[in-house]
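The values are calculated or read from the model by the stated rules, or taken from the named source; none is laboratory data. Bear in mind that the values here come from a model prediction, so they are computed numbers and not experimental data. In this analysis, Cβ positions are derived from the backbone assuming ideal geometry, glycine residues included, and neighbour counts consider all displayed protein chains. Ligands, DNA and RNA are stripped out before the accessible areas are found, and what is left, the full protein with its side chains, is counted by its heavy atoms. Shrake-Rupley method; radii C 1.70, N 1.55, O 1.52, S 1.80 Å.
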Amino acid sequence: MLNFFVLFLLCVVAAPIRAQVQPSSEGQRRAAQTEARQEIKAVKNTLHEEAQRRQEEFRAMMDAQRGVLKDTIKAKREELRRRLTAISDEQKRKRVETIDARMDALNERMTEHFSLALEQLENILEKIAERAGEAAKKGDNGAAVSVAMTSAKASLAISRTATVLQAGKTYTITISAEDGLRTDVGIARQALHDDLVMVRETVKNARDAVHDAAVALVQSVNTKEGKTATSSPALQTAQ
């Protein structure tokens, strides 16, 4: 789905935005173009640096959470083995330990997946901001785009926080009795599932917010150029 965003931005939004006022001479026109290009480049560099800073901070927090989690998981597994000594069936003991390890692996894999999706969304929002800046230089009223981008940034921040917190979680299988192992394992699995669904929902909200910002930009440009403001097929597919 995220690739549709990138394709859309490259093929539709990246189209040059026509200036409303033409300079009075060729020399003035070239000077104005050079100045505009320099200003746009400076804005792009600033936006890129800000996006890079946010992504680096996010990645550092993810790494820190996982670093602390290693010791937590080690202690948890030692305690699980101790509790499992009360279970007489060796195969059941091994199965529970395997499930415990798989849950931690799944949580790590999914939080990494979420983090990569958020980084892609951050890159897409950066491109939207660049095009919005170019449009503003041409006198385009980008109030709606600005509001949509602010909302997208907030949604991304919420999802990053949820992902970082999830990356630092592990799930304990409480051993009650041998005949209750299935229930004990099921409770831990359900807790992991519910938390991952919650984080996935924040990523979806962030994706939708970035989508809305892209649509707002297209509508702003199309309105200025007298075109019908509609969403592209790519964006409709990405919903």
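Ala144: in a helix (DSSP H, G or I), over 25 Å from Gln120 (Cβ atoms) and open to solvent by 20 Å² or more (accessible area, probe 1.4 Å), yes or no?
Numbers: in a helix (DSSP H, G or I): yes; over 25 Å from Gln120 (Cβ atoms): no; open to solvent by 20 Å² or more (accessible area, probe 1.4 Å): yes.
No; evaluated as a whole, the condition is false for this residue.
Could you figure out which of (1) modelled with pLDDT under 95; (2) over 17 Å from Arg102 (Cα atoms); (3) of a type in the set (S, T, N, Q) isn't true of Thr174?
The number of the failed condition is (2).
Which one of Ala105, Ala157, Ala188, Ala117 is of a type in the set (Gly, Ala, Ser), surrounded by fewer than 20 Cβ atoms within 10 Å (Cβ to Cβ) and more than 24 Å from Phe58 (Cβ to Cβ)? Before you say what the answer is, go through the steps one by one.
Numbers: Ala105 fails: more than 24 Å from Phe58 (Cβ to Cβ); Ala157 fails: more than 24 Å from Phe58 (Cβ to Cβ); Ala117 fails: more than 24 Å from Phe58 (Cβ to Cβ).
Of Ala105, Ala157, Ala188, Ala117, the one residue that is of a type in the set (Gly, Ala, Ser), surrounded by fewer than 20 Cβ atoms within 10 Å (Cβ to Cβ) and more than 24 Å from Phe58 (Cβ to Cβ) is Ala188.
Would you mind stating whether Glu130 is open to solvent by less than 60 Å² (accessible area, probe 1.4 Å), modelled with pLDDT under 90 and not hydrophobic (A, V, I, L, M, F, W, C)?
Considered against the rule, which asks whether it is open to solvent by less than 60 Å² (accessible area, probe 1.4 Å), modelled with pLDDT under 90 and not hydrophobic (A, V, I, L, M, F, W, C), Glu130 comes out as yes.
Six or more apart or on different chains, Cβ atoms under 7 Å: show the pairs whose first residue is in region 68-79 and assigned to a helix (DSSP H, G or I) and whose second is not small (Gly, Ala, Ser).
Leu69/Thr170; Thr72/Thr170; Ile73/Asp104; Ile73/Thr170; Lys76/Thr170; Lys76/Thr172; Arg77/Asp100
For Lys137, state whether it is touching a residue at least 12 places away in the same chain (Cβ under 8 Å), touching a Leu at 6+ places or on another chain (Cβ under 9 Å) and charged (D, E, K, R).
On the way: touching a residue at least 12 places away in the same chain (Cβ under 8 Å): yes; touching a Leu at 6+ places or on another chain (Cβ under 9 Å): no; charged (D, E, K, R): yes.
Judged against the criteria, Lys137 is not a match.
Filter region 163-217 for residues that are among the polar types (S, T, N, Q) and either touching a Lys or Arg at 6+ places or on another chain (Cβ under 9 Å) or in contact (Cβ under 8 Å) with a residue 40 or more places away in the chain (or both) and give the result.
Initial filter on region 163-217 (among the polar types (S, T, N, Q)): 163, 166, 170, 172, 174, 176, 183, 190, 202, 205.
If the condition is that a residue be among the polar types (S, T, N, Q) and either touching a Lys or Arg at 6+ places or on another chain (Cβ under 9 Å) or in contact (Cβ under 8 Å) with a residue 40 or more places away in the chain (or both), then Thr163, Gln166, Thr170, Thr172, Thr174, Thr202, Asn205 are the ones that fit.
So that you can scan it fast, the table gives a plain yes or no per residue for (1) in a helix (DSSP H, G or I); (2) closer than 29 Å to Ala136 by Cβ; (3) open to solvent by 60 Å² or more (accessible area, probe 1.4 Å):
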residue	(1), (2), (3)
Thr174	no, no, yes
Asp179	yes, no, yes
Thr183	yes, no, yes
Leu196	yes, no, no
Val215	yes, yes, no
Gln219	yes, yes, yes
Asn222	yes, yes, no
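If you check Leu165 against the conditions, is it under 30 Å from Thr72 (Cβ atoms), modelled with pLDDT of 90 or more, in a helix (DSSP H, G or I) and open to solvent by 90 Å² or more (accessible area, probe 1.4 Å)?
On the way: under 30 Å from Thr72 (Cβ atoms): yes; modelled with pLDDT of 90 or more: yes; in a helix (DSSP H, G or I): yes; open to solvent by 90 Å² or more (accessible area, probe 1.4 Å): yes.
Judged against the criteria, Leu165 is a match.
So, in region 57-100, exactly how many residues are surrounded by 13 or more Cβ atoms within 10 Å (Cβ to Cβ), closer than 18 Å to Arg182 by Cα and of a type in the set (A, V, I, L, M)?
5
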